[in-house]
Amino acid sequence: MTKDNGAAQWTTEDEVIFIDFLLLHAAAAGDGGNFKMVTFNAAAPVIEVKRVKGGPKTAKACQNKYNSLRRTFRAIQAIKNRSGWTWSDETGASITPEMEDTWSDFLKVHKDAKPFKNKGWVHLKKVSLLMPATVKGKHIFRPSQGLSGMDPFDEDDDELPPFPANTQVDEDTPDKEIGHLEVVASSALVGSL
């Protein structure tokens, strides 16, 4: 076991542990796939326990590794989206000698794709679960931009059903009214057993 205080070095096992940790905490990334430093702070000690070489896996090292995984994922997506090219989990972009010129041009724009000329990426399936689904185009619904014309509080919109005025339980509601609902539900369950 070779540990030092230099830069963090990531083995495939380290990456698997890290990606599995992120998958367990995927909800923390939100829709954009952006984890906050709190998640990386929590991941660091989990990965550090298994460290076999290189410097410590700090929260900053985890953040840098996640950004590297994202860049790799985007590079592979660019390969997959390239017209006339294919992707294989075993052979990557499967570049033949006839395709060398277009591969060289492609690498000028997508430098992170270089390792995948004829080799796949072991983490692709798991990392794809962490990445947000992105679509391009002019007429794409983006929920972060709000619902145009669907405001339930818009008084000028007569086509929508009225929005309930009070959806909260009133604190002054007697417990017996709420309890009645619970008794009916529980007696229905008891009767079916």
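Residues to consider are 46, 52, 38; find the one that is under 22 Å from residue 122 (Cβ atoms), open to solvent by 40 Å² or more (accessible area, probe 1.4 Å) and assigned to a helix (DSSP H, G or I).
Unique residue meeting the criteria: 46.
Take the stretch 72-105 and flag every residue that is closer than 23 Å to residue 128 by Cα and aromatic (Phe, Trp, Tyr).
Of everything in the stretch 72-105, those that are closer than 23 Å to residue 128 by Cα and aromatic (Phe, Trp, Tyr) turn out to be 73, 85, 87.
Residues being open to solvent by 70 Å² or more (accessible area, probe 1.4 Å) and touching a residue at least 12 places away in the same chain (Cβ under 8 Å): count how many of those fall in the stretch 82-108.
The total comes to 2.
Out of the residues in the stretch 41-57 meeting the condition of being within 16 Å of residue 22 (Cβ to Cβ) and of a type outside the set (Gly, Ala, Ser), tell me which one is modelled with the lowest pLDDT.
The qualifying residue modelled with the lowest pLDDT is 50.
Are any of the residues in the stretch 138-151 exposed (fewer than 10 other Cβ atoms within 10 Å of the Cβ), modelled with pLDDT under 95, of a type in the set (D, E, K, R) and within 26 Å of residue 30 (Cβ to Cβ)?
Yes, the conditions are met somewhere in the stretch 138-151.
The values are calculated or read from the model by the stated rules, or taken from the named source; none is laboratory data. Here the structure is a predicted model, which is why all the values come from computation and not from measurement. Reconstructed Cβ throughout: ideal geometry from the backbone, glycine too, with neighbour counts over all protein chains shown. Side chains included, ligands, DNA and RNA excluded: accessible areas come from the protein's heavy atoms. Shrake-Rupley method; radii C 1.70, N 1.55, O 1.52, S 1.80 Å.
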